[in-house]
Amino acid sequence: MSRTKGKKPTQHQKAEPAAAVDVAVDAADSGDAQAAGAKKGKLIRPRGKRGGVKHRKGGAAQNTAIQKAALKESRKAKTNAGADQDGGASVDGSAAPVPPAEHAEKIAKFHTLLKQLEQATTAEEKEQIQSGLDSLGGLAQYQAWSLTGSAKAGQTPTSKWCMEALNTVYQHDRNQPKFRVLDVGAITGTAYNKYRWVDATSIDLHPQGENVQKYSFFDFPVPTKDDEKFNMVALSLVINFVGDVRKRGEMLRHVHKYLPTAEGVPGFCFLVLPLSCLTNSRYMNQSHLRAILSSLGFDVLKQSDSAKLSRWLLQAKPLAERTAAAEASENPAASADWDGTAFKKRDINPGTNRNNFAIVVDPKPE
């Protein structure tokens, strides 16, 4: 078998390694052909030296290293270019992935600021902390990084999980109007595009898509007619971004305003939280969340945890059942979207290394 000794890279090659990027792909593609041709030649060894790879001085190895590095950079450049052409979107329209260490660091900064926002006591402190959150990109960027991290871990996109879970409990009649979804915190508004039977209305405080309307969930107009309401409200990585623990409970109550109330017409809610909000919080766990959801008029149909996210498919209880629960309550503030049970901030999992995520359902007196 013929072996050829690699040439030692010149000073010009060392000084300009970037030039190898332009030829690396071609060199890699033609490598097999060159190797095939070399096999036909006669074995030639330099006088006094052996021709094996292990006896080479390193010139060929350096050339190979340069080509491999150049090929890697070339592929990386193509990947980045493709991401730019696609608008930098990833799973569910999230932003392009960032390096794992940087990704984890940014998420940690968000969580730290959110924790500080919960503990802030003055309007000035809250405004300053909110400015810090906005400087990191706000809710849209937080969602993008969270979803990107899930995608990189090989997890199912949240909208896909939602649709698969929904199909196990509900079959939409394709002869009827499309299944209407209000996607809150939608970022680019592409999460449900591939489902032809779904008509998604996307809202976000910082829209990044032309079909996304700029609204806060609390400010979005409430439909007056039942047939104009939505079949499902999606709250994916939204509630945990709200700094006020009472507002989180109010947001879940607010969902009912957009769901149909007619008998026999189901209304769903899709809820996604970071898993750590339920597994590493002082004030929350899954059983506590289930109790809160039941008090707020929701049944849990499907629930699944991935490595980073906790996903919940909920269905609003029938209006008659919710109304009866409110009437039976001793709390005068009870209503069709809350049975009057108060959930305050209390220690459930004490510990020094836990987060402070909580949901409070205890409306302040008017």
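The values are calculated or read from the model by the stated rules, or taken from the named source; none is laboratory data. The shown structure was predicted, so the numbers you read here are calculated from the model rather than taken from an experiment. For neighbour counting, all protein chains shown are included, and Cβ atoms are generated from backbone atoms with ideal geometry for every residue, glycine included.
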**Q.** Residue check for GLY154: modelled with pLDDT under 75 and either part of a helix (DSSP H, G or I) or not basic (Lys, Arg) (or both)
**A.** yes
Q) When residues of region 201-215 are filtered for being of a type in the set (Ser, Thr, Tyr) and either closer than 17 Å to LEU271 by Cα or part of a helix (DSSP H, G or I) (or both), how many remain? A) 2
Q: Could you tell me which residue of region 223-241 is farthest from the chain's Cα centre (by Cα), considering only residues that are buried (at least 21 other Cβ atoms within 10 Å of the Cβ) and of a type in the set (A, V, I, L, M, F, W, C)?
A: PHE230
Q.
I'd like to know if region 184-193 contains one or more residues that are surrounded by fewer than 20 Cβ atoms within 10 Å (Cβ to Cβ) and at pLDDT below 95.
A. yes
Q | Counted residues, region 255-266 - those being in contact (Cβ under 8 Å) with a residue 12 or more places away in the chain and either farther than 19 Å from GLY185 by Cβ or surrounded by fewer than 22 Cβ atoms within 10 Å (Cβ to Cβ) (or both) | A | 7
Q | Unmet requirement for ASP183, which otherwise passes all of (1) within 19 Å of the chain's Cα centre (by Cα); (2) in a loop (DSSP other than H, G, I, E, B); (3) among the acidic types (Asp, Glu) | A | (2)
